[in-house]
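Q: Got a structure for you, written out below as structure tokens; questions coming shortly.
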Amino acid sequence: MLGLLADPDLPAELAGELAGELPELLAERLDAQVSWQVRVLCQRLDLGDEERLLAIAHERLTREGWDLVVCLTDLPRRSGLRPILAEASMADRVALASLPALGARRLYRRLRELVIGLVVELAPESLGRGRVGQEPGGRPRSQLTAPIRRVVPSDASADVRYVLSGVRGQGRLLAGMVRANRPWRLITGLSGSLAAALAAGAFAVVTSDIWQLADSLGPLRLSVVTVLSIGAMVAWLIIDHELWERPSGQLARDRARLFNAATVLTVVLGVGCLYAALLVATLAAAWFLVTGELLSQSLQHRAGWPDYVTIAWLASSIATVGGALGSGLESDEAVRAAAYGYRQQERRGQAPTTD
């Protein structure tokens with residue numbers, strides 16, 4: 001019996017998908033003579049218990065009567081400055097996988113291979129094979145696309161640990177944290193900002209002065225306006241709603257830099273998605289509301305699709321600034337719920353408990 005102990009939100013969703021595939025995959029890849037059963041349990045793994053997650057997993061294994069347990073968490077874990085991908089305790093038959101270290105791409109596929117590899121680590125004797133010197137999934141290190149190292153930790157918390165090394169490993173951890181935050185949810189999560197942005201965009205689309213201004217600016221200046229408008233909304237959201245961490249102590253500062261970088265990238269991508277949605281909406285509104293004859297008369301030259309795109313471009317930048325002002329009407333809780341994934345909400349005391 002294999003137990004998957006998962007944090008709420010994304011880890012629990014992925015665990016549910018894995019439960020349907022793992023029995024067949026484990027029998028196919030590891031030992032066809034073993035009949036595998038997989039159970040999923042959702043349990044919030046508190047931030048204060050980060051150093052004893054394997055012990056918590058072992059307690060659950062004993063309580064549920066499982067043979068093996070793999071814990072899935074969205075906690076970004078590090079050994080010094082090296083991100084921890086996974087670790088395992090052979091004696092306790094428990095393992096831990098940290099989703100952020102898997103990166104942002106092919107998350108489910110990477111997690112599936114990692115879990116299979118961790119099962120190999122936990123039960124090599126029953127499977128009749130060893131995996132010493134190989135990475136999760138039984139693949140030689142030379143075939144991996146990520147800088148993963150298998151190490152024996154100096155502390156007694158785990159028997160084996162997989163860590164990411166180098167700048168590439170740090171980047172993959174950061175990308176995984178941003179992916180867990182799901183920045184695209186910012187579009188629908190901030191209703192006040194969205195309403196203000198749409199109102200500002202609608203006004204800009206039907207204003208002849210905006211048509212003439214957009215026609216005179218050119219692509220370079222319009223690009224600068226776009227960057228400034230997105231930057232203004234990002235800065236407003238972070239500053240006005242206190243999303244920036246200001247810790248004390250060296251270890252806390254290292255962690256704060258990581259979370260602040262994830263916050264900035266999450267909000268930038270979320271606002272970028274909002275901008276793209278506004279661009280589509282304003283382009284459709286301009287094409288529907290402004291006739292070619294009226295636009296040509298205002299611009300004093302024959303108008304075509306490039307002119308509509310230019311108008312929608314500038315209108316979207318204006319609408320984004322309007323959305324930034326509208327975000328001031330949102331509560332801090334609403335902004336954090338839209339900008340953060342479950343784990344960062346928990347860090348600020350906003351996430352509900354789940355068991």
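Bear in mind that the values in this text are calculations on the coordinates, not laboratory data. It should be emphasised that the depicted structure is a prediction, and the values quoted were computed from it without experimental measurement. Positions of Cβ are backbone-derived with ideal geometry, glycine not excepted, and every protein chain shown enters the neighbour counts.
Q: Explain nothing, just the number: dipole magnitude of segment 227-311 about its Cα centre with +1 on each Lys and Arg Cβ and -1 on each Asp and Glu Cβ, in debye rounded to the nearest 20.
A: Numbers: 5 positive and 6 negative charges, 55 e Å.
Charge dipole, segment 227-311, about its Cα centre: 260 debye, nearest 20.
Q: Using the 2.2 N^0.38 Å rule of thumb for compact globular proteins, work out how segment 166-261 stacks up: its C-alpha Rg over that value, please.
A: Numbers: Rg = 18.5 Å, N = 96, 2.2 N^0.38 = 12.5 Å.
The reported ratio for this selection is 1.48.
Q: Show the residues, 5+ positions off or on another chain, whose built amide H is closer than 5 Å to the amide H of C42.
A: Hits under the 5 Å cutoff: A6.
Q: I want the local charge near S208. Using Cβ-Cβ distances under 15 Å, sum +1 for each Lys or Arg and -1 for each Asp or Glu among the other residues.
A: Working: positive: none; negative: D209, D215, E293, D307.
Result for the local shell: -4.
Q: So for segment 207-294, what percent of the C-alpha to C-alpha distances run longer than 16 Å?
A: Roughly 67 percent, once rounded to a whole number.
Q: For a quick check: with amide H placed at 1.01 Å from N, whose amide H comes under 5 Å from L75's, ignoring anything fewer than 5 positions away on the same chain?
A: L99
Q: Using the per-residue mean of other Cβ atoms lying within 10 Å as a proxy for protection, in what order, highest first, do the peptides 227-235, 59-67 fall? List each step's numbers first, then the result.
A: Details: 227-235: 17.8, 59-67: 14.3.
The most tightly packed comes first, giving 227-235, 59-67.
Q: Okay, moving on. Given G218, L258, F203, which one lies farthest toward the positive end of the charge dipole of segment 166-281, if we put +1 on the Cβ of every Lys and Arg and -1 on the Cβ of every Asp and Glu?
A: In segment 166-281, that residue is L258.
Q: Could you derive backbone 3J(HN,Hα) for segment 90-100 from the dihedral phi with the Karplus parameters 6.51, -1.76 and 1.60 (θ = phi - 60°), listing whole Hz in sequence and x where the residue is Gly or Pro?
A: Karplus values, whole Hz, x for Gly and Pro: 5, 5, 8, 6, 10, 9, 9, 10, 9, 4, x.
Q: Next question. A276 to L220: FRET efficiency via 1/(1 + (r/R0)^6), r the Cβ-Cβ distance, R0 22 Å, to the nearest 0.05?
A: Details: r = 20 Å, r/R0 = 0.91.
Once rounded, the FRET efficiency stands at 0.65.
Q: Determine, for each peptide in 260-270, 294-304, the mean count of other beta carbons within 10 angstrom over its residues, then list the peptides with the highest first.
A: Descending mean neighbour count gives 260-270, 294-304.
Q: Going highest first, how would you order 210-217, 313-320 by mean Cβ packing within 10 Å?
A: On the way: 210-217: 17.9, 313-320: 26.2.
Peptide ranking by packing, descending: 313-320, 210-217.
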